Amino acid sequence: MRAVLLLAAAIAASVALVTDLRSRRIPNWLTATTFVGGVLANLGLGGLDGGLSALAGAGLGFLVLIPFYALRGVGAGDVKLLAALGALVGPHDLVSVAVYGALVGGFMSLVVLARSGILAVALHQVFKLRMLPTVWSGARAPYAVALASGVYLAMLLPPVLR
């Protein structure tokens, strides 16, 4: 059943990816139906324990991205999407989705910084001066790309947690 839930997560993340690329928004109908579908599917498959696992996955997804939302690094739709994906796949698989997604998101950030011409300054501040970068280009990348990539990689690669 893990594969079916990951496939459902891949479909939801793919829809989010397309809408985020087109409009820079992730619709509430998508995150809400993914969340409700995840809770109901896990209740049906695992009873009360499955439902609790879905809620734990949603909570973990929320907790992972809410600090970045507070820092204005991601949008509210990204937070809701990861929480909804957590309801589908549960906390164990969500760790893989989040870690793989963070790696892709980090790479995307490097590309954005390089394209805006401030990568060298940011790297100098982080590694040489040992401080958080003070430069900011204002450029942003749709994080649904990273989250969808995290789902795809979680389907293809070994789990981060064993």
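The values are calculated or read from the model by the stated rules, or taken from the named source; none is laboratory data. Being a predicted model, the structure only gives us computed values, none of them experimental. For neighbour counting, all protein chains shown are included, and Cβ atoms are generated from backbone atoms with ideal geometry for every residue, glycine included.
I want to confirm something. Restricting to the range 120-136 and keeping residues that are β-branched (Val, Ile, Thr) and part of a helix (DSSP H, G or I), which single residue is nearest to LEU161 (Cα to Cα)?
Let us first name the residues in the range 120-136 that are β-branched (Val, Ile, Thr), namely 121, 126, 134-135.
Pick out the ones that are also part of a helix (DSSP H, G or I) and you get 121, 126.
Details: VAL121: 35, VAL126: 29 Å.
The residue in question is VAL126.
Go over the candidates ALA10, ALA54, ALA16, ALA58 one by one and state the one that is in contact (Cβ under 8 Å) with a residue 60 or more places away in the chain and under 11 Å from VAL89 (Cα atoms).
Working: ALA54 fails: in contact (Cβ under 8 Å) with a residue 60 or more places away in the chain; ALA16 fails: under 11 Å from VAL89 (Cα atoms); ALA58 fails: in contact (Cβ under 8 Å) with a residue 60 or more places away in the chain.
From the options ALA10, ALA54, ALA16, ALA58, the qualifying one is ALA10.
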Does VAL95 satisfy the criteria of being of a type in the set (A, V, I, L, M, F, W, C), outside any loop (DSSP other than H, G, I, E, B) and touching a Gly at 6+ places or on another chain (Cβ under 7 Å)?
no
Given the residues GLY61, GLY73, GLY77, which is the only one that is under 25 Å from MET108 (Cα atoms) and modelled with pLDDT under 95?
GLY73
Condition check for VAL36: modelled with pLDDT of 95 or more, of a type in the set (Val, Ile, Thr), out of contact with any Pro (no Cβ under 9 Å at 6 or more places or on another chain) and exposed (fewer than 15 other Cβ atoms within 10 Å of the Cβ):
yes
Between a residue in the range 91-107 that is more than 19 Å from GLY73 (Cβ to Cβ) and any residue that is among the charged types (D, E, K, R), which pairs come within a Cβ distance under 8 Å, given they are 6 or more apart or on different chains?
ASP93/ARG2
Assigned to a loop (DSSP other than H, G, I, E, B) and surrounded by fewer than 18 Cβ atoms within 10 Å (Cβ to Cβ): which single residue out of GLY59, GLY44, GLY106, GLY117 fits that description?
GLY117
So, in the range 110-146, of the ones that are within 28 Å of VAL95 (Cα to Cα) and β-branched (Val, Ile, Thr), which residue ends up modelled with the highest pLDDT?
VAL145
